[in-house]
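Below is one structure, written out as structure tokens; comments come after it.
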Amino acid sequence: MCGIVGFIGTSNAKNIIIDGLKKLEYRGYDSSGIALFQNGGLKIKKTIGRIANLENAMLGGDYESPGGIGHTRWATHGAPSDVNAHPHSNMAGTIAVVHNGIIENYVELREWLTKEHGVIFLSETDTEVIAHLISLYYENDLVDAVYKAVAKMRGAYAIGAIAANEPDKIVAVRKDSPLVVGLGEDCNFIASDIPALLKYVRKVYLIENNETVILTKNDVKIFDKDRNEIKRDVFHVTWDAVEAEKDGYDHFMLKEIHEQPKCIEETLSRRLTADGKIVLDGISMTKEDIESFNKVCIVACGTAYHAGLVGKTVIEKFAKIPVEVDVASEFRYRDPFVDDKTLFIAISQSGETLDTLAALREAKRRGARVLSVVNVVGSSVSRESDDVFYTWAGPEIAVASTKAYTTQLVCMYLIALYMGLTKGSLDREEFDRVITELKAIPEKLKTLLTKEPVIADLAKTFYKTEQVFFIGRGVDVGVSYEGSLKLKEISYINSFAVAAGELKHGTIALIEQGTLVIALATQDALYEKMVSNVQEVKARGAVVIGFAKEGNQAIENQADKVFYIPECRDEISPLLSVVPLQMLAYYIAKLRGCDIDKPKNLAKSVTVE
Ligand code: AGP
């Protein structure tokens, strides 16, 4: 997620804006920039990398100014670079814009501005379109030009705009991306989030969707999309900066668990056209390429590997092609059967995991086509792949991966469906049925998240346990592995995942009176067998928490507790069933007093072998 900051006052704008950007660093970014009113024009500086790079680039220069806008960029369209960093300006450099969000119709706008109005674009970003649109409509009235520009745009945005010959104001607009206004003495602010303002103000306006804000140093006015002025109550901020970065949640992990409905919606919506087709941006595989593959290798580590396990099930089911799934640290040393008929899929949230990167290089050396599913734009894995499919989950701060996992699953489904439809192994009706189910997931997830207190209560019952078994069948095996990893990595409880059918081949020797077993029974096709497995462990004294789809109540006769997830197709259920497991791990770890966001011995990205 990008961060925007704007300030209009009397002086020292540069330091105040830089300060604010630093308070938004937690949102993750790869470049930053600033645009300031100066001497009748705009002074713009922007650099790739940390904010310190921007400060160094400005050392010794004259940046005295009463106001301006600043930005930290989390790349979506266009790799991290100086030229892709914000602010973006019109060709004359008299209009500057910062933006958080995505302009969904930027390609058509870019073509129209280029062909019809001779605009020369400097960057690869969607944001630059906004600066040129405002410039196109600008007749010495920035507010009017912004309204006209916004009317042409589709997507999500929080925008800050300034014009050289109106150095007393900032115009900001909000649609779906967050925007707040800070109310100071002889100065006013805009920002993506409250932490950027806390050093200077405690009184803020929370801007709603489709509202436009006009800021001068002594006045703030808010208007609706029809330009009617709105009166807004002042919100008095009582929390401190650290709490504010977590948006009021106690930990980034819980915040990121709750972000999943929106992340999944974003990962899906940008790839589904209005007429129900899949557009896999960043993927240049042709029909011939897809038909030439005789197998798929999915390679990853940890949580990303668990997403690959689900990917195997759905790619084999919909694309009718054999899939191998491997942990990266094993793949590269097993002399794998890989050649130019292999599609190698690397899954990595950070895109910097050395094991995964080394496995990718080995696969390329052997001639494979490499597609990566990555969250961090411009990361090493993405740069070394033939095709990249971004999860667009936004920065994942907590070491324990949650929203990256579920958006990785969405990418697996989209790849499987795309390949199946392209190859003809999946008919259009089935394709449409699955797409419809995927689209329904964000709302079902929101419903599921309202049951958080039930999970918190379950955690109170079981948080002192020292050993837990997760069991499942079908795709629930992969989800069991993921649930077990979540629990062990943040609560330090000895947890194991095992295919339920495997219990009798050894593991059941460990089940004794009071052993906690978490049984995933979401697969209709395997439900009866799972109920039998629950019976099997109950007979040996286990305490069982069952997870099943609403309506499948037979498990209640066996399990001690049952948590229901909303009805959905078997293949899609991991997007729902994993969330109560994430929350259960979170609340157990919280009750055990663990450092949830930074567990001992772990790093967010493992860049060593
Ligand atoms: C997941 O909760 C862990 N933090 C860890 O297993 C992680 O998934 C693994 O290290 C892979 O990281 P990547 O997705 O950035 O490659």
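Can you give me the number of residues within the stretch 64-87 that are part of a loop (DSSP other than H, G, I, E, B) and not aliphatic (A, V, I, L, M)? Walk me through it before giving the result.
Filtering the stretch 64-87 for residues part of a loop (DSSP other than H, G, I, E, B) gives 64-66, 74-87.
Those left that are additionally not aliphatic (A, V, I, L, M): 64-66, 74, 76-78, 80-82, 84, 86-87.
The qualifying residues number 13.
Do we find a residue being touching a residue at least 60 places away in the same chain (Cβ under 8 Å) and under 27 Å from the mean Cα position of the chain (by Cα) anywhere in the stretch 209-226?
yes
Looking at (1) closer than 23 Å to E489 by Cβ; (2) within 19 Å of the chain's Cα centre (by Cα), which is the only condition V388 fails?
The number of the failed condition is (1).
Taking interchain pairs and intrachain pairs at least six residues apart, which have beta carbon atoms under 8 angstrom, with the first residue in the stretch 499-522 and more than 18 Å from V578 (Cβ to Cβ) and touching a residue at least 12 places away in the same chain (Cβ under 8 Å) and the second surrounded by fewer than 18 Cβ atoms within 10 Å (Cβ to Cβ) and hydroxyl-bearing (S, T, Y)?
L516/T465
What number of residues in the stretch 14-63 are of a type in the set (S, T, N, Q), in contact with a strand residue (DSSP E or B) (Cβ under 8 Å, 6 or more places away or on another chain) and in a strand (DSSP E or B)?
The qualifying residues number 3.
Right, V119: closer than 25 Å to V83 by Cα, of a type in the set (V, I, T) and touching a Ser or Thr at 6+ places or on another chain (Cβ under 9 Å) or not?
Working: closer than 25 Å to V83 by Cα: yes; of a type in the set (V, I, T): yes; touching a Ser or Thr at 6+ places or on another chain (Cβ under 9 Å): yes.
Yes; evaluated as a whole, the condition is true for this residue.
Of all residues in the stretch 361-378 being under 15 Å from the mean Cα position of the chain (by Cα) and either buried (at least 24 other Cβ atoms within 10 Å of the Cβ) or over 18 Å from G28 (Cα atoms) (or both), which is modelled with the highest pLDDT?
V373
Filter the stretch 82-104 down to residues that are of a type outside the set (S, T, N, Q) and crowded, with 19+ Cβ neighbours inside 10 Å, then give me how many there are. Steps first, answer last, please.
We begin by selecting, within the stretch 82-104, every residue of a type outside the set (S, T, N, Q); these are 82-83, 85-88, 91-93, 95-99, 101-104.
The next check asks that each one be crowded, with 19+ Cβ neighbours inside 10 Å; those that pass are 85-88, 95-99, 101-103.
The qualifying residues number 12.
Which one of S605, S577, S573 is within 16 Å of the ligand (Cβ to nearest atom), within 24 Å of the chain's Cα centre (by Cα) and of a type in the set (S, T, Y)? Steps first, please.
Details: S577 fails: within 16 Å of the ligand (Cβ to nearest atom); S573 fails: within 16 Å of the ligand (Cβ to nearest atom).
Testing whether each residue is within 16 Å of the ligand (Cβ to nearest atom), within 24 Å of the chain's Cα centre (by Cα) and of a type in the set (S, T, Y) leaves just S605.
Any idea which of A52, A75, A57 is hydrophobic (A, V, I, L, M, F, W, C) and in contact (Cβ under 8 Å) with a residue 24 or more places away in the chain?
On the way: A52 fails: in contact (Cβ under 8 Å) with a residue 24 or more places away in the chain; A57 fails: in contact (Cβ under 8 Å) with a residue 24 or more places away in the chain.
Just one listed residue meets the conditions, A75.
Which numbered condition trips up V434, out of (1) within 16 Å of the ligand (Cβ to nearest atom); (2) in a helix (DSSP H, G or I)?
It is condition (1) that V434 fails.
Modelled with pLDDT under 95 and over 28 Å from the mean Cα position of the chain (by Cα), is that true of V517?
On the way: modelled with pLDDT under 95: no; over 28 Å from the mean Cα position of the chain (by Cα): yes.
So V517 does not fit the description; no.
With the checklist (1) under 27 Å from M583 (Cβ atoms); (2) more than 9 Å from the ligand (Cβ to nearest atom); (3) part of a helix (DSSP H, G or I) in hand, flag the one item Q408 doesn't pass.
(2)
Residues are listed down the side, and each one gets a yes or a no for (1) touching a residue at least 40 places away in the same chain (Cβ under 8 Å); (2) touching a strand residue (DSSP E or B) at 6+ places or on another chain (Cβ under 6 Å); (3) not hydrophobic (A, V, I, L, M, F, W, C):
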{"site": "G67", "(1), (2), (3)": "yes, yes, yes"}
{"site": "P80", "(1), (2), (3)": "yes, yes, yes"}
{"site": "P87", "(1), (2), (3)": "yes, yes, yes"}
{"site": "I95", "(1), (2), (3)": "yes, yes, no"}
{"site": "E116", "(1), (2), (3)": "no, no, yes"}
{"site": "A131", "(1), (2), (3)": "yes, yes, no"}
{"site": "I134", "(1), (2), (3)": "yes, yes, no"}
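Residues that are touching a residue at least 60 places away in the same chain (Cβ under 8 Å) and away from the ligand (no atom under 16 Å from the Cβ): list the helices (runs of 4 or more DSSP H) wholly contained in the stretch 244-329 that include at least 3 such residues. Write out each step before concluding.
Numbers: elements: 252-258, 260-269, 287-292, 302-319.
Per the criteria, 260-269, 287-292, 302-319.
Tell me the residue from I130, I120, I134, I170 that is closer than 19 Å to I207 by Cα and out of contact with any Pro (no Cβ under 8 Å at 6 or more places or on another chain), please. Outline the logic, then answer.
Details: I130 fails: closer than 19 Å to I207 by Cα; I120 fails: closer than 19 Å to I207 by Cα; I134 fails: closer than 19 Å to I207 by Cα.
Just one listed residue meets the conditions, I170.
Would you be able to say whether some residue in the stretch 531-551 is of a type outside the set (F, W, Y), within 16 Å of the ligand (Cβ to nearest atom) and in contact with a Phe, Trp or Tyr (Cβ under 8 Å, 6 or more places away or on another chain)?
The initial filter retains those residues of the stretch 531-551 that are of a type outside the set (F, W, Y), namely 531-546, 548-551.
If we keep only those that are within 16 Å of the ligand (Cβ to nearest atom) too, we end up with none.
Scanning the stretch 531-551, I find no residue that is of a type outside the set (F, W, Y), within 16 Å of the ligand (Cβ to nearest atom) and in contact with a Phe, Trp or Tyr (Cβ under 8 Å, 6 or more places away or on another chain), so the answer is no.
Among G40, G61, G68, which is the only one that is buried (at least 19 other Cβ atoms within 10 Å of the Cβ) and either closer than 24 Å to A163 by Cβ or of a type in the set (K, R) (or both)? Talk me through it step by step, then tell me what you get.
Details: G40 fails: buried (at least 19 other Cβ atoms within 10 Å of the Cβ); G61 fails: buried (at least 19 other Cβ atoms within 10 Å of the Cβ).
Only one candidate qualifies: G68.
Which condition breaks for A79 when tested against (1) in contact with a Lys or Arg (Cβ under 9 Å, 6 or more places away or on another chain); (2) crowded, with 24+ Cβ neighbours inside 10 Å?
(2)
Would you mention how many residues in the stretch 330-360 are more than 10 Å from the ligand (Cβ to nearest atom), in a helix (DSSP H, G or I) and crowded, with 20+ Cβ neighbours inside 10 Å? Walk me through how you get there before you give the answer.
Within the stretch 330-360, the first condition is being more than 10 Å from the ligand (Cβ to nearest atom), and the residues that meet it are 330-345, 358-360.
From the residues that got through so far, the ones that are in a helix (DSSP H, G or I) too are 330-331, 358-360.
Next cut, crowded, with 20+ Cβ neighbours inside 10 Å only: 331, 359-360.
Total satisfying the criteria: 3.
Scan the stretch 379-397 residue by residue and report those that are touching a Lys or Arg at 6+ places or on another chain (Cβ under 8 Å) and within 14 Å of the ligand (Cβ to nearest atom).
Within the stretch 379-397, E384, A393, P395, E396, I397 meet the criteria.
Spot the failing condition for L426; the list is (1) farther than 24 Å from F293 by Cα; (2) crowded, with 19+ Cβ neighbours inside 10 Å, and only one is missed.
Among (1) farther than 24 Å from F293 by Cα; (2) crowded, with 19+ Cβ neighbours inside 10 Å, L426 violates only (1).
The values are calculated or read from the model by the stated rules, or taken from the named source; none is laboratory data. These numbers were taken from a predicted model, which means no experiment stands behind them. Cβ sites come from the backbone with ideal geometry, for glycine too, and all protein chains shown count toward neighbours.
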